[in-house]
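Values in this text are rule-based calculations from the coordinates and carry no lab data. From a predicted model like this one, the values you see are computed outputs, not experimental measurements. No Cβ is skipped: glycine too gets one built from the backbone with ideal geometry, and neighbour counts run over all protein chains shown.
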């Protein structure tokens, strides 16, 4: 914040705007929770029709819809509301470009951010035991919901990673902790010579199979049902760790990378992507992401490229490189040499 008034004093409006930012965020997340954008993806509706379809009370609905218009998420033509361009493309669950799952996960995290003060005082994550990540694997419905959220988090990354790394020198890869295989699918579509794999916990396999069938890629990507800390890692030339290391503390990060180093052949490679914190620790976006990880995991956080390099070296990797990838994510590459 660097705005100033004519008399040189800081402009309080920027401070208040920052403090009130949650109003807009929660309005968007609630619209996703209600599946409003999917409803309006079928065609424009008047406020009364929206209320009836979504079973809303009349007291606040018009303010809610008009606020979404003001935020650029809806359009209003007379009495009829319709999706704005971005909402129609990315938040209508009937469209293959939808990333609403990611926003549903953010809505889950929204409540947890209310525990930030307690995190700072205790160092403890702020997730109830009956609502932590383990519960997402407890039944097919929550598995599907969580995998859709992971797809949303990786939606931009797959096509970019397919271009950012020289896949021509390799014949196989496995996405470790790869959810229902969306990123692996992006890579095998771009590089058909590759044997693709996706490793995740056993409850994910039915969701993976369903997703591959929907993408027309059945048999093109192999699912490996495993716990990457307890079970043998599959044989492959490249292992991808995307949004995985940030879930764990330093000890487990090194432990996992050592397991990868042991499993890879000579000249095998690991690809790691996460929202790396800059070495000067001034990038607010990724520092806030790091706080978010600390709120929901026992030991996770975002981390610097220098820290990742040190873990990789400790695990035995060399030829380590760090480069921007897409959005807030960076790519770290490292090799197992003889």
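Tabulated data
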{"read-out": "Test: residue in the range 124-141 that is more than 15 Å from the chain's Cα centre (by Cα), assigned to a helix (DSSP H, G or I), touching a residue at least 40 places away in the same chain (Cβ under 8 Å) and closer than 23 Å to residue 197 by Cβ", "value": "yes"}
{"read-out": "Output for the range 20-41, where each listed residue is outside any helix (DSSP H, G or I) and either touching a residue at least 40 places away in the same chain (Cβ under 8 Å) or surrounded by 15 or more Cβ atoms within 10 Å (Cβ to Cβ) (or both)", "value": "34, 35"}
{"read-out": "Members of the range 152-186 that are in contact (Cβ under 8 Å) with a residue 60 or more places away in the chain and in contact with a helix residue (DSSP H, G or I) (Cβ under 6 Å, 6 or more places away or on another chain)", "value": "153, 154, 175, 178"}
{"read-out": "All positions within the range 304-338 that are without any contact (Cβ under 8 Å) to a residue 60 or more places away in the chain, in contact with a helix residue (DSSP H, G or I) (Cβ under 7 Å, 6 or more places away or on another chain) and closer than 30 Å to residue 118 by Cβ", "value": "328"}
{"read-out": "Yes/no for residue 271 being in contact with a helix residue (DSSP H, G or I) (Cβ under 9 Å, 6 or more places away or on another chain), surrounded by 15 or more Cβ atoms within 10 Å (Cβ to Cβ) and within 17 Å of residue 332 (Cα to Cα)", "value": "yes"}
{"read-out": "Tally, over the range 202-220, of residues that are surrounded by 16 or more Cβ atoms within 10 Å (Cβ to Cβ) and in contact with a strand residue (DSSP E or B) (Cβ under 7 Å, 6 or more places away or on another chain)", "value": "4"}
{"read-out": "Residues (on the phi > 0 side of the Ramachandran plot and in contact with a helix residue (DSSP H, G or I) (Cβ under 9 Å, 6 or more places away or on another chain)) located in the range 187-227", "value": "219"}
